[in-house]
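Heads up, the thing below is written out as structure tokens.
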Amino acid sequence: MLQNITVLVNGMAAGLFGLSSILFLFVFEHKRLRTVLGIVLAVYTLLFIKDIIYFCPAVAENGFLYRVLLSIDNWAVPLYVIYAFEVIAPGRMTAWRTACLLLPFPMLTFLYLCFPTEAVYSLSVAFSALFSAACMSVVLFLTFRYRRMLKDNCSDITNMDIKWMWVSIALFLPNLVLWTLVSARYDCLLDSVYYVTLSLSWGIVAWNTYYHIPLSSKDMSCSAQNLQAYPETHFSARLEELASQDYFVRSPRLTLSELASCLGTNRTTLSNYLNSELGTNFYDYINSHRLAHAESLLSDLSVKYSTEALAELSGFGSLSTFRRAFFKKHGMTPQEYRRRLEGA
């Protein structure tokens, strides 16, 4: 009975991954990250189809063949790392770097084929587990650094933020534990749970990949034209002047580079000024002005604005970003803030 359920879950997972890979490779608009994910999902589809062999009695009873097939499953271990590096450093995953991450796993399978001992198989499982844990730690660190770079350079990070990768890492860790247990012994129930959790993990990745916008070179570039050569000591007055002109509100996609051009300086100098002199980053600084504008709109009790209108009029490119920022500052929604003003 459990084996039949596992076969069903395996088939559903294979179908889901196969359909998703077709969508990302051939249907959706072509983007490098989507293509990388489509290839990863296609590889998983083939591995799931291969797993049907496990349920043949001749394979299940043959310890050597069973472990060879399990060692082939190890080849999927670096796939999440390759995908994650492509998110964090677009275009950096060259063929050489990809090969360096992938090659150790087929080599371990070949080693077991040559020396089919318990020690060699345990070595391959231990290496895969340690490799996964180490790489996920690196990915977690790089994710923090990437988000800091986003907030240092962009005022609107809608669909650019990769905080969702923390959720994917949190889900892949239980997958790693399940995979280690499945590698140690045959268990239909664990297999089923593994297929479900793996599908959930990659489902979250696929959903966010579809909408993801990578940080581009344009966001980081600084034009040298029309610089007015304002000295750093003049930053405060110039920033106040721009704020009084609603410049930050009228520029929803404003970047650090663009603001640096307005101040006649470069990105590094302006970023250092915001961090050291004002104790904030570019993202929070710009959105603090936008929140102030939203508060001024709410304080006009003669006019009622919807939350959507407030977000747009205040320069926020995303309604969800506006809601989170407003709640973080005031501990209430914009409409609750308005009712409190009306009751004062």
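For this structure, a couple of remarks:
- Just one of the listed residues (LEU270, LEU274, LEU256, LEU291) is buried (at least 16 other Cβ atoms within 10 Å of the Cβ) and in contact with a strand residue (DSSP E or B) (Cβ under 9 Å, 6 or more places away or on another chain), and it is LEU256.
- In the set ARG67, ARG97, only one residue is under 27 Å from LEU8 (Cα atoms) and among the basic types (Lys, Arg); that residue is ARG67.
- Residue tally, condition assigned to a helix (DSSP H, G or I) and free of Cβ contacts under 8 Å to residues at least 60 places away in the same chain, over the range 252-273: 10
- Scope the range 289-342; condition closer than 21 Å to SER155 by Cβ and acidic (Asp, Glu); matching residues: GLU295, GLU308, GLU312
- Residue count, the range 309-326 (criterion: surrounded by fewer than 17 Cβ atoms within 10 Å (Cβ to Cβ), closer than 15 Å to HIS289 by Cα and among the hydrophobic types (A, V, I, L, M, F, W, C)): 1
- Flag for VAL138 being under 15 Å from the mean Cα position of the chain (by Cα) and either surrounded by fewer than 17 Cβ atoms within 10 Å (Cβ to Cβ) or in a loop (DSSP other than H, G, I, E, B) (or both): yes
- Residue pairs meeting the criteria (Cβ under 8 Å; at least 6 apart or on separate chains; first in contact (Cβ under 8 Å) with a residue 12 or more places away in the chain and closer than 13 Å to TYR80 by Cα, in the range 188-214; second open to solvent by 20 Å² or more (accessible area, probe 1.4 Å) and of a type in the set (Val, Ile, Thr)): ILE204/VAL167
- In the range 160-179, the count of residues that are in contact with a helix residue (DSSP H, G or I) (Cβ under 7 Å, 6 or more places away or on another chain), surrounded by 14 or more Cβ atoms within 10 Å (Cβ to Cβ), at pLDDT 90 or above and β-branched (Val, Ile, Thr) is one or more.
- Those helices (runs of 4 or more DSSP H) of the range 31-133 in which at least 3 residues are open to solvent by less than 60 Å² (accessible area, probe 1.4 Å) and touching a residue at least 24 places away in the same chain (Cβ under 8 Å), considering only elements entirely within it, cover 32-50, 63-73, 79-88, 104-114.
- Qualifying residue in the range 236-251 (condition: more than 24 Å from ILE157 (Cα to Cα), touching a Leu at 6+ places or on another chain (Cβ under 6 Å) and either open to solvent by 50 Å² or more (accessible area, probe 1.4 Å) or assigned to a helix (DSSP H, G or I) (or both)): yes
- Annotation: LYS328 fulfils all but one of (1) in a helix (DSSP H, G or I); (2) touching a residue at least 60 places away in the same chain (Cβ under 8 Å); (3) within 24 Å of the chain's Cα centre (by Cα); the unmet one is (2).
The values are calculated or read from the model by the stated rules, or taken from the named source; none is laboratory data. On a predicted model such as this, the values are computed, not experimentally measured, just so you know. Glycine also receives a Cβ, built like all others from the backbone with ideal geometry; neighbour counts cover every protein chain displayed. Just the protein is used for accessible areas: all its heavy atoms, side chains included, with ligands, DNA and RNA removed. Shrake-Rupley method; radii C 1.70, N 1.55, O 1.52, S 1.80 Å.
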